[in-house]
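All remarks here apply to the structure that follows.
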């Protein structure tokens, strides 16, 4: 095995180790709560419910979420002026990689907007450090917990709405909110 392959293998091993060191947490320990003047030293964690890209698309389908289609894009979207995600079947979705990419991005945004409306609270999006999940519907982070928690009219109600919404279908087990290490944190292995 050449040195580049060995180095790559070592980097992948370190990556797997780092990922395993950052599982979701039910409670955030004190050392992960940012202190004044030391905010940049504390890694970012999101509190919320993880989801897959497929779940976001299916959520948009189940709830008939729609998006207006610009005139120049109508041919690409089969002539729709307003596209209901329920009209995007798997065959169409899988037939075009551009459509799949666009549908994935738009469905996440629409799902987040719909859930924010249902919760009566502006939710955010994060990227959990996981191979199993593609995004997280985030109520707050360890960096903005105090202000966001105060803005939330009834955090127990919001969590119940999200718990129901994020577990609408079998096979999607986002059972409870947890603290998730954010993918965009520096994990210190590719320096």
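Read-outs throughout are calculated quantities, based only on the coordinates presented, and are distinct from any laboratory measurement. The model shown is predicted, which means the values in this text are computed figures rather than measured ones. For neighbour counting, all protein chains shown are included, and Cβ atoms are generated from backbone atoms with ideal geometry for every residue, glycine included.
A compact table of results
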| read-out | value |
| --- | --- |
| Extension gain (nm, one decimal) between residue 156 and residue 122, 0.36 nm per residue minus Cα-Cα | 10.7 nm |
| Linear extension gain, residue 91 paired with residue 73, 0.36 nm per residue minus alpha-carbon span | 4.5 nm |
| Normalised contact order of segment 39-171, rounded percent, pairs of Cα under 8 Å and 6 or more residues apart | 33 |
| Ranked by how many other beta carbons lie within 10 Å on average, peptides 106-116, 65-75 from highest | 106-116, 65-75 |
| Label-point separation, residue 30 to residue 84 (7 Å along Cα→Cβ), nm | 5.5 |
| Peptides ranked, highest mean first, by Cβ atoms within 10 Å: ranges 147-153, 46-52, 81-87, 177-183 | 46-52, 177-183, 81-87, 147-153 |
| Relative packing of peptides 160-167, 94-101, 123-130 - highest average C-beta neighbours within 10 Å first | 123-130, 160-167, 94-101 |
| Largest-first principal axis extents of the Cα set of segment 39-171 (Å) | 47, 33, 30 |
